[in-house]
Structure formats: structure tokens, C-alpha cells
Amino acid sequence: MHLSNEFIGGGVAIFDFNNDGLQDIYLTGGDLPDKLLKNVGNFQFQDVSASSGIASIVNEGSVGVTTGDIDNDGYRDVLVTGDRNYSSKLIRNNGNGTFTELVSAINDGDDWKSAASFGDIDQDGFLDVYIGSYVDHVGFILDNNNQIIGFEHKCSPNHLYQNNGDLSFSDVSEQYGVADTGCALAVAFTDFDFDYDPDLILANDFGQWVLPSTVFENQGQTPMLDVGQQVGMDMQIYGMGIAIGDYDRDSDLDYYQTNLGRNVLSNNQQGVFTDVTTAANVENDSVGQLLVTSWGTFFFDADNDGWPDLFVGNGQIDAADIIANVLQDSNKLYLNNGDNTFSDITATANVGSVQRARGAAYGDLNNDGKLDIVVQNVHEYFDSTNVEIYANISVSGNWLGVKLRGVLSNRDAFGSRVRVVVDGVSTVAEVDGGSSHASQNSSIVHFGLGTSTMADSVIVTFPSGIEQYLVDVTANQTVTVVEDVAVGIAGYQTEIEFSIRYASQKALLKSAISGQVKVQFLDVSGKLIYEGTIEVVKGLNPLPELEMLASGTYLLRLDFNGTTQTLRLLNGARF
């Protein structure tokens, strides 16, 4: 269990630390040593905390956890955020079952930290890390009877650490304008506007009183822009956790933020968000006169029917009377009905624990194609249920797993987007470096296929801009896609940069230049199909003559000022 007299934290990371094909579990201990549980199959786990060095490296003072390969050596390293009076710890995976702390790699002092997320903010192929900070000085607003009616907490600034590529990091929080002083309990790198660079989303506690939750938009230059109010993501809530997913299967990312009280489901419409929580039936706000307190959360397809479902970990926390909350606070599982609504199936799903849930994450722990759940509970005494592992024993549909490996991009391919088309319906997912509450889900992207025995197509967009696709992919397997530097953008070191993007059911040309470009379409045998000249601008451009081409694979040859680049292009309704 996660032991904490503050009742905060309890992180879970599901990842394969030894590359044996089984998803392992990392648990933060709070006032206790952290745990690393090696998956040995069939829901059996071996405690390797001592033998790996984890137990001695992090023997107290931990809150949240996320993992990422900071040196691109093929092994996941670990970042643990520090409680009050403890700095966060960056721990290198030695590749032989042991870990070593990189003592001077980062230095975020003894501020109270919560969550962290890995992402490549500058797209140099090395993972950077963003760490959310919590309350520094406590303050209350009192009425004439000395009753608490509001909060005047002061919170420490968040930290963005840029990877120098040599196992060291530089604090660039001020440079990027992201030293937010909201009381962050969850943070995540995510490309909310689909412009191919990582943005930041923050779930801030005490949002009505300190700073609301927000989004920082990455425009490829510093500083990043705080666009929370502009895009409708400036919720004044007690933000606890973040879920990321395409629950309505319209090929963009929606977000769910947990709260002490009413949670918020934000539906994405071209980068602007609408609160659809009530209509979707996922408020999870109160029981009688007492509020519900939600923490770890994620979208995942629990029954493999193709529609992402929603898990919410609930757990009481001592609080002022104005936000008094339920003691016996049940976790929730909401089943996606496929019509923009959800049904509460907690009782029949057997996940309705009433312990103090905090961190939560999903992953396929026994490689049976069904996603399992790990929940961390927290207590200040030794009388709480320990960590809970829920095995998915559903009678479910077919599925497809997609595992990515970056080459030009960061090796974990964090920031990549995967789109799967099944029977003409498209669903998108993102590989993120930590979200939920103080936790990280498995990085193997999982799609339910329902009754379909294959995916029409799988389109992978790596952070580099390289786009790869698979066609007619057989169900019930995990496919590995390695970033192919010969595909998509082969001309990184040339004077021009073009790539193919797929949007609105058609292929578009993304250009880094403006001017007149000669274009040629060829079939895969090299036969010329079309030749012409177009004017392009920086950004996305329509391609001529696509409508006249039959569905299939083509080569697109581009010539600008004597420099030629050739891209592969897939044309057809399946995209």
C-alpha cells in the first residue's frame, strides 16, 4: 500500500522493465519503500524491489511515478516525484535487472511534487520531463465564525526539464513559460490540437481559489501559450487526474478530468472543447449531501467492442466542511454505449472497491488481449486494503495491440498517434508518457475490434512526422511498428521537408516551405500516373487529382528548386 499522512499520491506505472514481453508493475510507497514487481506470467509477480536496487534508492518520500527511456538504450528508466522535503528521483535502468540513481540529473528541491510526464518538447529525439508541484504554503478564507469558506494556498511552480542527451537535464520552465503555480495533481504531455508537437495539460487542485486547470500549447517556439480559457479547458475544479482518449471515435482526442465533486468530460471539436459530462452520464459527483472524490482515471476498451470505456478510481480524503466527501467511495467503471453516453456497470464489473483509491493504470498483464487494472490505495495507518489488481475475465471482442519503437523520434515513441480503421470507422489513440493520477498506463496501444477479424488499416504518426501504415491487419495480435526513416520524411537533412498527413478522410501534403512544387504520382511499379505543378504554403495543402486515383498505394515525387523527395501515399476510403 501507499502510506501517507497527507493522503496524496499512490502512483502506478505499468511497463516492461526487462524487455521480456510481460508488463511489470511499479508502485510508489509514500512513507514506505517503493516496489518493483516483475511479471512472471499468469498473474504471478516476483518482488524484485531489493535485488533491482529500487527499495534502497526510493525507501521513502515518493508520490508519483512515470517511466521513459531517457538515453534511448532500449530500457525504460524511472522518474519518481518527491513528497514534502524530498526531491524527485531519476533512476536509470542498467539493462541487467538493476537500477542506478542519477543523483545530479535533475534538482527540483524539496517542494511537494505530485505527477510527472515524459515527452519530447523540442522534438530532438530525447525525452524531456514535466513535473507538477503541489501546495507550498497553506492558507484559508474564514467566515465570521472561523469556518473555512475558501482557500488561499500558495503552490510551488511546476518544472520542465530538458534532456541534454548526456543523462543530465536543464530546467527550462521559465523559458517555456510553463512554471505554472496552480496546485497540479496531474500533468500530461498530449497533442490536443493535432499539429504534430506535444502540448501540456494540467489538472490543478483548488482551481476556483488558486489557478484553474489549463492547457499550454506548443507552437514550436518558446514560450508555450496558456490557452486554457481560449479552448475551454480552464476548469475551476479540484483537479486530480487526467484521462486521454477518443471515446466518440471521431479521430481526435477528448479529455476527462477528475475532481472532488463533479468530474468533467471535455469533447474535442477541432481543438476547442465542450463540457458534455452530464449528457454522457459520467459526472460521478455526489452521494446524498456528500461529494465524491475521484483520482486516477483512464479511457480503455474494457470489452473490446471498439468503443473506449472509462475507469475512475475514487477515494475519500479529509477535507473542510464545504467540500465534505463520502467515506465509502466506490470506484466506477462506465461502459461506452457507442452513442456519446456511458452506463455505470461498476456493480456487475466487480471493480467497486471502497478503499481510498489514488493512482490507477491499465495494461494487459497476462497477454490475453484484455486490459487489466491496477489501483493504488492510500492510508495513514496500516488498515487499508493493499494494491488491487483486477483481472479482466470479460467475454469480449477481438482486439489489436500496437507497440511502437522510435528511431529518429524518442525510442519509446511518446507523442505518437495511432489511428485504426475498422469497418470504415476510425479511432485514434496517443502514446503518452504519464497521465491518470501520479501514474502511467501501458504504452502498448490497444484497440478493441468487436466482431471484426481484421483492421482495415493502421496509421502511425511518429513525433518526427514520419507516417507509416499497415493494411488488412489480422486481429488478436500485437504488432510492432519500428519508425522507418526511409518513409515519410526522408529529407530531414535536405533543404525541403514534406510529409503526408491523413485528415478528413483524405491525404494532405504538409510542407515546411512555400513556393511552386512539381508533383508526380506514380504507381508502385514506377509508372507515371499524373504530373503537374502546384503552389504550396507552409502547413497542410490539398493534393491534386486524388479523386481520379483508385484506392491503393502510390509514390508521390516532389521537386522544389532541383531537390527531389519521394513519399509513399495511401489513397482510399478506408482512411
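The values are calculated or read from the model by the stated rules, or taken from the named source; none is laboratory data. Remember, predicted model here, so these are calculated numbers, not experimental data. With ideal geometry, Cβ positions are generated from the backbone for all residues, glycine too; neighbour counts draw on all protein chains shown. Areas reflect the complete protein model, heavy atoms only, side chains present, ligands, DNA and RNA absent. Shrake-Rupley method; radii C 1.70, N 1.55, O 1.52, S 1.80 Å.
Things to note:
- The separation of the stretch 534-570 from the stretch 81-102, counted between C-alpha centres, amounts to 47 Å.
- CD proxy at 222 nm, helix term only [per DSSP H run n ≥ 4: -39500 (n - 2.57); per residue of the chain; nearest 500]: -500 deg cm²/dmol
- Percentage, to the nearest whole number, of Cα pairs in the stretch 128-265 over 28 Å apart: 21
- Column: log10 I(q)/I(0), Debye, Cα scatterers of the stretch 313-403, q = 0.13 Å⁻¹: -0.55
- Cα gyration tensor shape of the stretch 355-485, rounded if a/c is under 1.5, else prolate or oblate by comparing a/b with b/c: oblate
- Remark: the stretch 212-218, residue by residue, has Karplus-estimated 3J(HN,Hα) of x, 4, 7, 10, 9, 8, 8 Hz, where x stands for each Gly or Pro and the curve is 6.51 cos²θ - 1.76 cosθ + 1.60 at θ = phi - 60°.
- Dimensionless Rg/Rh of the stretch 284-346 - Kirkwood Rh, Rg from C-alpha atoms: 1.06
- Using θ = phi - 60° in the Karplus curve 6.51 cos²θ - 1.76 cosθ + 1.60, the 3J(HN,Hα) couplings for the stretch 310-325 round to 9, 10, 9, x, 10, x, 5, 9, 4, 8, 4, 4, 5, 10, 4, 10 Hz; x is entered for Gly and Pro.
- Partners of Lys510 within straight-line reach, counting lysines whose Cα lies under 20 Å from its Cα and excluding those fewer than 8 residues away in the same chain: Lys518, Lys538.
- The overall shape of the stretch 83-127, judged from the alpha-carbon gyration tensor, is oblate: a/c is not under 1.5, and a/b is no greater than b/c.
- The amide H of Cys183, built 1.01 Å from its N in the peptide plane, has Asp205, Leu211 as neighbours under 5 Å, considering only residues 5 or more places off or on other chains.
- For the stretch 58-146, fraction of C-alpha pairs farther apart than 21 Å, in %: 38
- Neighbours of Ile534 by Cβ distance under 12 Å: Lys/Arg scored +1, Asp/Glu scored -1, total -3.
- Part-to-part distance (alpha-carbon centres) for the stretch 182-232 and the stretch 49-68, which is given in Å: 28
- Distance between modelled label sites at Asp484 and Thr533, nm, 7 Å Cα→Cβ extension: 3.2
- For His446, the solvent-accessible surface with a 1.4 Å probe is about 30 Å², rounded to the nearest 10.
- Averaging 1/r over every pair of different alpha carbons in the stretch 188-328 and inverting the result gives a Kirkwood radius of 15.6 Å.
- Taken over the alpha carbons of the chain as equal point scatterers, the Debye sum produces base-10 log I(q)/I(0) values at 0.08, 0.09, 0.11 Å⁻¹ of -0.51, -0.65, -0.96.
- Farthest positive-ward along the chain dipole, Cα basis, beta-carbon charges - from Cys155, Gln236, Thr98: Thr98
- With all protein chains modelled, accessible area of Glu388 [1.4 Å, Å²]: 30
- The residues of the stretch 226-302 have, on average, 33 Å² of accessible surface per residue, using a 1.4 Å probe with all protein chains present.
- 5 angstrom amide H check on Met235, placed H, neighbours 5+ away: Ser213
- Listed by chain and number, the lysines whose C-alpha is less than 30 Å from the C-alpha of Lys38, apart from same-chain residues fewer than 8 away, are Lys89, Lys113, Lys332, Lys370, Lys403.
- Karplus-derived 3J(HN,Hα) values for the stretch 432-449, using 6.51 cos²θ - 1.76 cosθ + 1.60 with θ = phi - 60°, are 10, x, x, 7, 6, 10, 6, 9, 8, 6, 4, 8, 7, 6, 10, 10, x, 10 Hz; glycine and proline are entered as x.
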